[in-house]
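Notes follow once the structure below has been shown.
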Amino acid sequence: MNNTPLYFEDVEFGDDIGPIIKEVSDQAVIDFVSIREPESEPSRFTSKEVAQSQGLPEAIVPGAMNIALMSQLLTGWSDNVSLLKLDVVFRKTVPHNTPLKFSGIITDKDESGSNNLECDITMENEEGVKLVIGNALIHLPNRP
Amino acid sequence: MTTDEGIVYDRSLLGKENEIGTFEVSLKMITEFAKSTGETYPKYLGNDANIPVVAPPTICNLFVGGSRPDIKLEFGEVSFFAGQSIESKADIKPGDNLTATTKLDHVYSKTGRSGKMVFAVWQTQFKNQNNEIVALVNESFVTRNK
Amino acid sequence: MLLDLHTHSTASDDSRASIEQYIKWIHILRKKGNEIDGFVVTDHRQFDHDVNYESVSKENGITILKGAELDTDTGHFLVYGITEKITSIINFADVTMSAQKLVDVCDTYGAIAFPAHPGRAGIGFAHYLDNGVKGFETVKTAELLNGSNRPGEGEKAEELIQSKGYNATGGSDAHIVSAIGTCMTLFESNITNETELVTALRSGSFEAVRMDKK
């Protein structure tokens, strides 16, 4: 959470968003998948055995959870940010219990009055391999 | 190019609208979603009585899951979520009832680090109880061998 | 002349960058003191003869050319100098096409095709050679530097290129705007169109370089 207000005028092409480092615990994944299905069966998201039976080395973070984490990079940049569109591509499965680096960069600024900004966003593992890439359209208000 | 030439699946699903269902968005669901994903804003966590709760922008992802029709793809052993674009059109609040409809947009194949893969792309629309579109979602699922 | 030989636009299913966004980003890169003269759009499994970047190239002082990245039975191949004759013979959407046929057709009709990210598992040329694939005597070039390589993939590409004595290119394999130009190819000659690009690639007078970002 960032309580420092950020305004459209404060942001320039090429400005960095983050990076922030997060790690998704086994328990966080169990909590996430239990929201809709409290009695859910072990799955590739919660069980190493099930994951391995599907050709994965270990349990993975659900895609929907990864998307939520990607969105937080932007909404967490400032309370003023409105996330209008998020568009991501999964390039590699995301493991639990490992540091994940989320970063973004402003790639376009619409000066015509919409106050919209475009940015690239990525999630990388410790080796710098991009696990998730994408872009987003966000909105910032004008400075009062 | 996104051709489905040579891929065996149920082509009758292409472009056909399917009702997925209606889902109530409870306060508990929003706060659990926020907590499990490490949110810190009170507007999502509901831990400040002075701040009205809204759902994090990607909460719609909770509702569709495995409810899409089976495309009867004759290829591959395992499927994964491959990507998504989600467009937020309006806030989702506790007590909202969301209705989801989805349609198969296209199917195509390509090759990657894990060999041949087939992708199915779905377009899903979420409306609230006031018939207002709250989110437009394009999702891609990949099927491949283990 | 510095060209990024491997980029994807939104026409590729897994890319989120438009040509207009790449252009804006290159202006930003240049403003910061980075050198990049242009790029080649190599979208996956397709080629659009009707798209013409000539005027937008001139307006922006950025050379924008067209190629393709194709899925083949021997990994992914980059193709430059594509003509209508070539697309009438080769189905670009066929993910199991014969790479040998692609190379031969390109050799015959004034284009060039060579392995993209050859060290990549599953879709890298080097792995197919390891598994006994033969032929490809006319291939003299391969992509050495690829901005999307994972650990080990660049080393495998380098090993192949050194053992075969190939000429080495570089390309970012950009799928998002800010990735463009991370790897490029430095040409001795000036290149203004696809024919000149093919000539330059066949001459061997180029080297793969990384952008030292400022």
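Structure above, values below:
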item	result
Residue match in segment B:17-39 (condition: of a type in the set (D, E, K, R), surrounded by 13 or more Cβ atoms within 10 Å (Cβ to Cβ), over 17 Å from B:Val134 (Cβ atoms) and more than 9 Å from chain A (Cβ to nearest Cβ))	no
Strands (runs of 3 or more DSSP E) contained in segment B:95-146 and holding at least 2 residues more than 13 Å from chain A (Cβ to nearest Cβ) and surrounded by 20 or more Cβ atoms within 10 Å (Cβ to Cβ)	B:97-112, B:115-127
Hits in segment C:25-46 (condition: without any contact (Cβ under 8 Å) to a residue 40 or more places away in the chain and either within 10 Å of another protein chain (Cβ to nearest Cβ) or within 30 Å of B:Val118 (Cβ to Cβ) (or both))	C:His27, C:Ile28, C:Lys31, C:Val41, C:Asp43, C:His44
Condition met for C:Ala168 (under 15 Å from the mean Cα position of the chain (by Cα), more than 14 Å from chain B (Cβ to nearest Cβ) and under 18 Å from C:Thr74 (Cα atoms))	no
Residue, farthest from the other protein chains (Cβ to nearest Cβ), within segment A:35-63, restricted to residues that are within 25 Å of A:Asp87 (Cα to Cα) and without any contact (Cβ under 8 Å) to a residue 24 or more places away in the chain	A:Phe45
Condition met for A:Ile106 (surrounded by 18 or more Cβ atoms within 10 Å (Cβ to Cβ), under 30 Å from C:Ser178 (Cβ atoms) and in contact with a strand residue (DSSP E or B) (Cβ under 9 Å, 6 or more places away or on another chain))	yes
Unmet criterion (only one of (1) closer than 25 Å to B:Phe63 by Cα; (2) surrounded by 19 or more Cβ atoms within 10 Å (Cβ to Cβ)) for A:Ser43	(2)
Among the candidates C:Ile89, C:Ile112, residue that is in contact with a Cys (Cβ under 8 Å, 6 or more places away or on another chain) and away from every other protein chain (no Cβ under 12 Å)	C:Ile112
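Table: residues versus (1) under 12 Å from the mean Cα position of the chain (by Cα); (2) under 19 Å from B:Phe141 (Cα atoms); (3) part of a loop (DSSP other than H, G, I, E, B).
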position	(1), (2), (3)
A:Phe32	no, no, no
A:Pro42	no, no, yes
A:Val89	yes, yes, no
A:Thr93	no, yes, yes
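Yes or no, residue by residue, for (1) buried (at least 20 other Cβ atoms within 10 Å of the Cβ); (2) in contact with an Asp or Glu (Cβ under 7 Å, 6 or more places away or on another chain):
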residue	(1), (2)
A:Gln54	no, no
A:Pro57	no, no
A:Ala64	yes, no
A:Leu73	yes, no
A:Asp79	no, no
A:Leu86	yes, no
A:Pro95	no, yes
A:Pro99	no, yes
A:Phe102	yes, no
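Here is a yes/no grid of residues against (1) in a loop (DSSP other than H, G, I, E, B); (2) more than 14 Å from chain B (Cβ to nearest Cβ):
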site	(1), (2)
A:Gly104	no, yes
A:Leu117	no, yes
A:Thr122	no, no
A:Glu127	yes, yes
A:Leu137	no, no
A:Arg143	yes, yes
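Where a number appears in this text, it was derived from the coordinates with a stated rule and is not lab data. Bear in mind the structure is a predicted one, so any value in this text is a computation, not a measurement. Neighbour counts run over all protein chains shown; Cβ positions are idealised from the backbone, glycine included.
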